[in-house]
Amino acid sequence: MVTIFSKKLSKTDISHRLAIPSKKLNQIAPLSLGQEERIAVIDDTEHQWSFLLSTRKEGDYLKPVIIGEWLQFVRERGLREGDKITFYRETIENNEVRFRIGIKLAQIVLFGVSMRPAA
């Protein structure tokens, strides 16, 4: 399994769309301006999500984002600003490529006690 990128989630990532680092786009799908591609992503519970990877329609930069079931994933996994996700690519039998996502919840410590479990 190869790590494509990791990032700490921003307010926009958890409320609207997941911004993808432009330099990492080709490791997921070679998209141009205005293109999109549906990708299956498996989380750490082996649940498969249908994310839509897309780029902006015009401009000088692609600004890739993930939408589709992304916000449902955020809600169901209880993600918050500051949590960290890692996006992976793996090659399985017949050279088929699939994607995985891992999460690490930010720890909230109150009076020395962790208030959130680690993912």
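Values quoted throughout were computed directly from the atomic coordinates according to the rules given, and no laboratory measurement underlies them. From a predicted model like this one, the values you see are computed outputs, not experimental measurements. Note: ideal-geometry Cβ built from the backbone for every residue, glycine included; neighbour counts use all protein chains shown.
General observations
- Largest GNM mean-square fluctuation among Val65, Val74, Val97, using the chain with Cα springs under 10 Å: Val97.
- Simple point charges give the picture: +1 on the Cβ of Lys and Arg, -1 on the Cβ of Asp and Glu, and for region 3-119 a dipole about the Cα centre of about 500 debye.
- Largest GNM mean-square fluctuation among Pro64, Pro21, Pro30, using the chain with Cα springs under 10 Å: Pro30.
- Among the GluC sites (Glu not before Pro) within region 19-119, those in coil by DSSP and having at most 15 neighbouring Cβ atoms inside 10 Å are Glu46, Glu58, Glu81, Glu96.
- Inter-label distance for Arg98 and Ala19, nm, one decimal - labels placed 7 Å from Cα along Cα-to-Cβ: 3.1 nm
- Translational diffusion coefficient (Stokes-Einstein; Kirkwood radius from C-alpha pairs) of region 2-114 at 25 °C, 0.890 mPa s, in µm²/s: 165 µm²/s
- For the chain, built as a Gaussian network whose Cα springs stay under 10 Å, the top-fluctuating residue of Asp44, Asp83, Asp60: Asp60
- Reachable aspartates and glutamates, given that their alpha-carbon falls under 17 Å from the alpha-carbon of Lys84 and they are not under 8 places away in the same chain: Asp13, Asp43, Asp44, Glu76
- Residues Phe111 and Glu46, FRET efficiency given R0 of 41 Å [Cβ-Cβ distance, rounded to 0.05]: 0.70
- For Ala29, distant residues with modelled amide H under 5 Å away: none
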